[in-house]
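Student: What follows is a single structure, and I will ask about it in a moment.
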Amino acid sequence: MEGINKTAKMQFFFRPFSPDPEVQMLIFVVFLMMYLTSLGGNATIAVIVQINHSLHTPMYFFLANLAVLEIFYTSSITPLALANLLSMGKTPVSITGCGTQMFFFVFLGGADCVLLAVMAYDRFIAICHPLRYRLIMSWSLCVELLVGSLVLGFLLSLPLTILIFHLPFCHNDEIYHFYCDMPAVMRLACADTCVHKTALYIISFIVLSIPLSLISISYVFIVVAILQIRSAEGHQQAYSTCSSHILVVLLQYGCTSFIYLSPSSSYSPEMGRVVSVAYTFITPILNPLIYSLRNKELKDALRKALRKF
């Protein structure tokens, strides 16, 4: 009971990126600029899709919801990370606060990965079965697929977060990270974490490998269908529709797989922190840029909106 009480009252601190306050301030400014850029870009996509009736299609419905997910996903990490950068790692986070951040990060990240698979399925239907597209991708199915992505993210996140925070945490309270990431928090436990590492690997495999497999299968059929299109215009339209999605998938799955599917014996806290910057800050910035630059309809809608102002 005494050990449980100590764990419940424990506070965590995040290790600074550098002992130099000036370097920390520079990183703070960079993180803040990336966060604001991410918020602005993703909010713009969500609003543009909402106000343009021509974009009220399943493809843009999923794109707008992906943008909203990215906003919440980044916001679950950034405020605490910025506070710790300013305080040189002296801003404490309670064990409850750490668990809450971990839950929302995994929940939203998992839903993000599943939604990317849903978007690949949408493109598969649009290109391989164009005449039946509106019949298959009904609005009721789109909403069900979106809700299903959120429910899967929730069901994968909750038990894993509860499992990790049932571990006892003793004297070491410094997390070698800028947010409560699972591998970094488990390193602080003063108990055997083999079961927890196995559970993390299995859930990471489910969240990453299964959707990625479905995306890959979808794009095999899509490539075959594109090769059968005779007109150059049809080729270009199909390519522009899918290439942006593939780039986002590679960025998201590549970084997260490196962290969560690498053997625990090869896990490096320093490398984990650096790679995490890529998928928590850089990827949410690139998503709206990639989609807006490679999508003609979205660019046209954005130009029209800017002209009105």
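Student: Calculate the tail of P(r) for region 57-205: the fraction of all Cα-Cα distances greater than 23 Å, expressed in %.
Tutor: 47 percent
Student: Give me the log10 of I(q) over I(0) for the chain at q = 0.09, 0.11 Å⁻¹, as the Debye formula computes it from C-alpha points; what are the numbers?
Tutor: -0.50, -0.72
Student: Continuing with the same structure: How far apart, in nanometres, would the label points at Leu26 and Arg132 be if each is projected 7 angstrom from Cα along the Cα-to-Cβ direction?
Tutor: Spacing of the two 7 Å Cα→Cβ label points: 5.8 nm.
Student: Looking only at Leu227, Leu158, Leu86, which one moves most when the chain is put into a Gaussian network model with springs between Cα atoms under 10 Å?
Tutor: Between Leu227, Leu158, Leu86, it is Leu227 that shows the largest mean-square fluctuation.
Student: If I model region 117-175 as equal point scatterers sitting on the Cα atoms and use the Debye formula, what is log10 I(q)/I(0) at q = 0.17, 0.28 Å⁻¹?
Tutor: The calculated log intensity ratios at q = 0.17, 0.28 Å⁻¹ are -0.69, -1.10.
Student: Rank these residues by their accessible area, most exposed first, probe 1.4 Å: Ile285, Ile217, Ile222.
Tutor: Ile217, Ile285, Ile222
Student: Shifting gears a bit: For the residue pair Cys194 and Ile51, what label-to-label distance in nm results when each label sits 7 Å from Cα along the Cα-to-beta-carbon direction?
Tutor: Roughly 5.9 nm, to one decimal.
Student: Let me ask something else. By Kyte-Doolittle mean hydropathy of at least -1.0 and Cα axial length of at least 20 Å, which whole DSSP H helices of the chain are selected?
Tutor: Helix filter hits for the chain: 21-51, 58-75, 95-128, 139-164, 194-227, 232-260.
Student: Please give the contour-minus-distance gain from Leu36 to Arg187: 0.36 nm per residue of separation, less the Cα-Cα distance, rounded to one decimal in nm.
Tutor: Contour length minus Cα-Cα distance gives 51.2 nm.
Student: Separate question: Phe221 versus Phe205, label points 7 Å from Cα toward the beta carbon: distance in nm?
Tutor: 2.6 nm
Student: Evaluate the relative contact order of the chain (contact order divided by residue number), counting alpha-carbon pairs under 8 angstrom at least 6 apart; express in whole percent. Show your work: numbers first, answer last.
Tutor: Numbers: 351 pairs, mean separation 78.6, N = 309.
Across the chain, relative contact order equals 25 percent.
Student: Hey, can you find the accessible area per residue of region 11-300 for me, probe 1.4 Å, expressed in square angstrom?
Tutor: 47 Å²
Student: Could you give the radius of gyration (one decimal) and Dmax (whole number) of the Cα atoms in region 1-128, in Å?
Tutor: Both quantities, over Cα of region 1-128: 19.3, 62 Å.
Student: To continue, here is another question. Accessible area of region 21-64 with a 1.4 Å probe: how many percent of it is carbon plus sulfur?
Tutor: On the way: 1660 of 2170 Å².
So the carbon and sulfur contribution to the accessible surface is 76 percent.
The values are calculated or read from the model by the stated rules, or taken from the named source; none is laboratory data. Being a predicted model, the structure only gives us computed values, none of them experimental. Note that we place each Cβ from the backbone using ideal geometry, even for glycine, and neighbour counts take in every protein chain shown. Side chains included, ligands, DNA and RNA excluded: accessible areas come from the protein's heavy atoms. Shrake-Rupley method; radii C 1.70, N 1.55, O 1.52, S 1.80 Å.
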